[in-house]
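> Have a look at the structure that comes next, please.
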Amino acid sequence: MFYFIFVLFKIDIYPKEMIFASLIMSFISYVLRTVYELPQMDVIVQVLLMFCFIWLLFKIHVFYAAILTGMAYQAYMFIQGLYYFIMDSAGLFDVGLPYILSICTFVLQTLSAATAIGIGYFLSIKRKGFDFVPDKPSGKIAVKTWEKVLFALNIPSVIIVLLTMYFASNLSTLFFVVPLVNAIILYGYLYFAYKKDRAEDEHFSV
């Protein structure tokens, strides 16, 4: 997620810091899910951790750190939700919840991560992305219409992320709604980010 969202917004890549942040997030996720059996709490903690790392470790302005976190999770949940829906429809998940450790879970994680990295690599070699996120962690920014809309999209973004596990465990027959809603919100992020870039005479080619 770090690599994908940083490439998308043309932010400098710091591999060591990304690996460090990812290891901490993975360890905390493992403890919350397997030791304390709190997968719902893990989702909330992971979102907060990613926001804090983008803001405090990678020095992105707090306002844009929130936007990047929401967009990164929405993109990744769309990818993972789509893979889960396909695998679950094929009967590969025998357990009720996808977060229980199994071979299929590892396959799901690997496919999702590889896809996100692959998309990020494609964007990097094609030099596509947005340019409006400042690289200064402090200072005042002019919050205009497009920034407000992008920030507001964090609300449905977090809600759908939290509801993903509920759909997977209790409404599996309706799980197709999750990647569909993810795609709609993700389109909103991309559309308004494009509008923001255009408003500043930048260009993002699809």
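> Multiply the residue separation of V143 and L174 by 0.36 nm, subtract the distance between their alpha-carbon atoms, and state the gained length in nm to one decimal.
Length gained, V143 through L174: 7.4 nm.
> What is the mean projected area of the alpha carbon convex hull for segment 5-95, to one decimal in square nanometres?
Computing the convex hull of the Cα atoms and averaging its projections yields 6.7 nm².
> Please give the per residue accessible area of the chain, computed with a probe of 1.4 Å over protein heavy atoms only, in Å².
Result: 55 Å² per residue.
> Sticking with this structure for a sec: Anything over 26 Å Cα to Cα? Flag those among K59/K148; K16/K196; K16/K195, in the order listed.
K16/K196; K16/K195
> Okay, next question. What do you get for Rg/Rh of the chain when both radii come from the Cα atoms and Rh is the Kirkwood radius?
My calculation puts Rg/Rh at 0.96.
> Return the carbon/sulfur percentage of the accessible area of segment 1-88, one whole number, probe 1.4 Å, all protein chains in place. Present the calculation step by step, with values, prior to reporting the outcome.
Details: 3060 of 4190 Å².
The value for segment 1-88 is 73 percent carbon and sulfur by accessible area.
> What dipole magnitude, in Debye to the nearest 20, does the chain give about its Cα centre under +1 on Lys/Arg Cβ and -1 on Asp/Glu Cβ?
Computed charge dipole of the chain: roughly 500 debye.
> Which of rounded, prolate, oblate describes segment 12-52, given a ≥ b ≥ c as roots of the alpha-carbon gyration tensor eigenvalues and a/c under 1.5 marking rounded, otherwise prolate only if a/b is larger than b/c?
Values: a/c = 4.62, a/b = 1.99, b/c = 2.32.
Here segment 12-52 falls in the oblate category.
> Based on the Cβ-Cβ distance from Q109 to I13, what FRET efficiency comes out when R0 is 25 Å, to the nearest 0.05? Intermediate values should be presented prior to the final figure.
Details: r = 22 Å, r/R0 = 0.87.
So the FRET efficiency works out to roughly 0.70.
> Another question, if that's okay. Measuring from label point to label point, each 7 Å out along Cα→Cβ, what is the Y166 to F20 span in nm?
3.7 nm
> Right, next: Extension gain C52-R198, at 0.36 nm per residue separation less the Cα-Cα distance, in nm? Each step should come with its number before you reach the end.
On the way: separation 146, 0.36 × 146 = 52.56 nm, distance 2.85 nm.
Net length gain for the segment: 49.7 nm.
> Beta carbons within 10 angstrom, averaged per residue: use that to sort the peptides 26-37, 63-74, highest first. Mind showing how you got there, number by number?
On the way: 26-37: 13.1, 63-74: 23.7.
My ranking of the peptides, most packed first, is 63-74, 26-37.
> In nm, what is the difference between 0.36 nm times the number of residues separating Y30 and V62 and their Cα-Cα distance? Mind dumping the intermediate values first?
Details: separation 32, 0.36 × 32 = 11.52 nm, distance 2.70 nm.
Between Y30 and V62, full extension yields 8.8 nm more.
The values are calculated or read from the model by the stated rules, or taken from the named source; none is laboratory data. All figures in this text were calculated on a predicted structure; none of them were measured in a lab. Neighbour counts run over all protein chains shown; Cβ positions are idealised from the backbone, glycine included. All accessible areas refer to the heavy atoms of the entire protein, side chains included, with ligands and DNA or RNA removed. Shrake-Rupley method; radii C 1.70, N 1.55, O 1.52, S 1.80 Å.
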